[in-house]
Amino acid sequence: MKTHRFSTILFGALFSLISLGAPCKAETKPNIVFFLVDDMGWQDTSEPFHTEATELNRRYQTPNMERLADRGMKFTQAYACSLCSPTRVSLMTGMNAARHRVTNWTLRKDKSPDPEHPDLIIPRWNVNGLSPVEGIDRTVTAKTLPMFLQEAGYRTIHVGKAHWGAEGTPGADPTHLGFDVNIAGHCAGGPGSYWGLKNFSAAWRDGDRIWDVPGLDQYHGKDIYLTEALTLEANRAMEEAVAAGKPFYLYMSHYAIHAPWEKDDRFYQKYKDQGLPDLEATYASMIEGMDKSLGDILANIDRLGIGEDTIVLFMSDNGAAKQVPRNLPLRGHKLTAYEGGIRVPLMVKWPGVTSADSVSETPVIIEDIFPTLLEMAGVDTYEQIGGQVDGISFVPSLKGSANPSEDRPVFWHYPHCYDQPPFSAIRRGDWKLIYFYEDQHSELYNLAEDISESQDLLEDRPDIAETLTEALHDYLVEVEANIPSFKESRKRVPLPGEATRN
């Protein structure tokens with residue numbers, strides 16, 4: 001009995017110490033690295049995202065992407081917007097582009113890149129991008145992803161391309177948008193040059209200096225490629241965060257492989273030796289240079305001993321540009337509503353959570369990254385000040401569970417005439433409907449049976465077309481999407497379904 005009584009007293013004392021806050025190891029927050037590539041197509045890699053390897057998969061060499069896929073989960077049906085600024089604002093806010101209205105690329109204050117359209121008036125949109133404060137004309141005001149992460153105790157690091165706000169607005173500077181550190185980010189969406197010998201500037205070809213990459217003076221005049229310089233700076237910033245004992249969010253946002261297409265001499269010659277034309281060899285060298293950056297960052301994570309505490313995500317901001325090889329079997333390219341413009345590579349390595357070499361076919365879209373990263377960081381409650389969060393966390397998919405978003409509709413909205421006609425689109429399940437504002441026609445595709453979008457089934461499946469048209473119409477009304485108007489009548493172009501209803 002004495003032994004039993006002593007054990008009871010000892011257990012009670014230990015319980016009291018724990019209840020009173022006796023020292024114990026606190027739960028640590030994971031580091032998060034979001035590795036975003038610019039204009040990288042779904043097939044611009046040696047890691048296949050299709051059911052079988054393609055010609056481009058065999059051409060390009062991205063061994064570090066392959067390693068990341070082997071260690072984590074690959075999403076074969078991931079989507080972004082059809083071009084850069086809309087994607088990046090959706091990432092930062094969790095809002096769909098139709099809601100935040102940064103529906104084209106931003107650069108100069110109050111100036112749209114849209115040319116004159118012969119028949120349509122392009123609607124007023126948020127040409128000045130994202131703003132952390134109210135009162136900036138033609139911007140969406142929002143609380144950004146890194147702002148929430150800062151509040152959760154993260155050191156937030158931006159490296160590379162920003163492209164959230166027009167020149168001279170608060171959103172042009174990443175430090176105004178929640179980043180503690182900004183390396184090389186500003187208003188422009190592409191570099192003046194990738195070559196350190198040219199100071200990463202457009203001046204050498206009499207180009208517009210607005211494209212010059214800022215803050216990398218230490219590399220000026222040196223024989224170094226921009227992708228490599230940004231990687232060195234990212235690794236240094238990670239080391240400083242680890243030394244400070246803080247969890248970090250590294251947004252590694254490469255300018256590559258966006259134009260201007262300039263060869264990376266470390267890899268160019270071997271592609272020329274394979275008989276590729278100059279542009280294609282240059283493009284392949286830029287892809288491999290990007291992949292080397294991924295490998296160097298993964299190696300640095302391991303060297304710092306934080307591999308088990310660091311989540312790594314890899315994604316592209318839209319499909320490949322029309323000047324480079326098509327991402328067959330996908331149709332289309334950057335700026336189009338077809339899969340070649342919006343379907344992108346996505347991989348996630350979450351130690352202890354994602355299964356190695358796993359694949360998810362759940363459709364996810366760029367605004368889903370916002371709630372997903374916040375859930376990973378332990379941020380349970382958040383409210384978006386500039387509008388409703390459209391994204392849905394795909395953490396259940398990462399954990400191998402059913403995802404509540406699997407059958408939900410996803411939307412695209414591009415009411416512009418820059419390079420492509422204005423459109424809105426919806427995907428739900430295997431079905432995708434595209435509506436074109438110029439002539440108010442729609443196209444319907446079954447992506448499971450026709451990933452190339454070669455067979456328009458609008459006439460064959462009017463039931464599916466009607467359901468998707470109604471859902472797209474209702475969403476555009478709900479978010480008060482900006483819609484083109486007719487020049488002649490000054491009336492708004494009919495929304496999907498309206499032309500047939502009247």
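Listing for the model above:
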quantity: Selected residue [acidic (Asp, Glu) and without any contact (Cβ under 8 Å) to a residue 12 or more places away in the chain] from Asp265, Asp206; calculated: Asp206
quantity: Test for Ser397: is it of a type in the set (Gly, Ala, Ser) and either without any contact (Cβ under 8 Å) to a residue 12 or more places away in the chain or touching a strand residue (DSSP E or B) at 6+ places or on another chain (Cβ under 7 Å) (or both); calculated: yes
quantity: Options Ala281, Ala241, Ala234, Ala256: the member that is surrounded by 24 or more Cβ atoms within 10 Å (Cβ to Cβ), in a helix (DSSP H, G or I) and among the small types (Gly, Ala, Ser); calculated: Ala234
quantity: Which numbered condition Tyr475 misses (of (1) in a helix (DSSP H, G or I); (2) over 16 Å from Trp412 (Cβ atoms); (3) in contact with a strand residue (DSSP E or B) (Cβ under 8 Å, 6 or more places away or on another chain); (4) touching a residue at least 40 places away in the same chain (Cβ under 8 Å)); calculated: (2)
quantity: Every residue from region 189-210 that is surrounded by fewer than 21 Cβ atoms within 10 Å (Cβ to Cβ) and not in a loop (DSSP other than H, G, I, E, B); calculated: Gly196, Leu197, Lys198, Ala203, Trp204, Arg205, Arg209, Ile210
quantity: Single match in Arg343, Arg326, Arg331, Arg266 (criterion: in contact with a helix residue (DSSP H, G or I) (Cβ under 6 Å, 6 or more places away or on another chain) and assigned by TED's automatic domain parsing to the domain that holds Glu55); calculated: Arg331
quantity: Residue in region 165-184 that is assigned to a loop (DSSP other than H, G, I, E, B), buried (at least 21 other Cβ atoms within 10 Å of the Cβ) and touching a His at 6+ places or on another chain (Cβ under 6 Å) present; calculated: yes
quantity: Restricting region 293-317 to residues that are charged (D, E, K, R) and surrounded by fewer than 21 Cβ atoms within 10 Å (Cβ to Cβ), the residue that is farthest from Asn31 (Cα to Cα); calculated: Asp296
quantity: Segments classed as helices (runs of 4 or more DSSP H), wholly inside region 322-415, with at least 2 members that are more than 24 Å from Val140 (Cα to Cα) and not aliphatic (A, V, I, L, M); calculated: 339-342, 395-398
quantity: Restricting region 52-100 to residues that are among the β-branched types (Val, Ile, Thr) and under 25 Å from Leu374 (Cα atoms), the residue that is farthest from the chain's Cα centre (by Cα); calculated: Thr76
quantity: Filtered residues of region 101-153 (kept if part of a strand (DSSP E or B) and either in contact with a Lys or Arg (Cβ under 6 Å, 6 or more places away or on another chain) or not small (Gly, Ala, Ser) (or both)); calculated: Leu120, Ile121, Leu130, Val140, Thr141
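The values are calculated or read from the model by the stated rules, or taken from the named source; none is laboratory data. Keep in mind that what you see is a predicted model, and the values were worked out from it rather than measured. Using ideal geometry, Cβ is built from the backbone for each residue, glycine included, and neighbour counts are taken over all protein chains shown.
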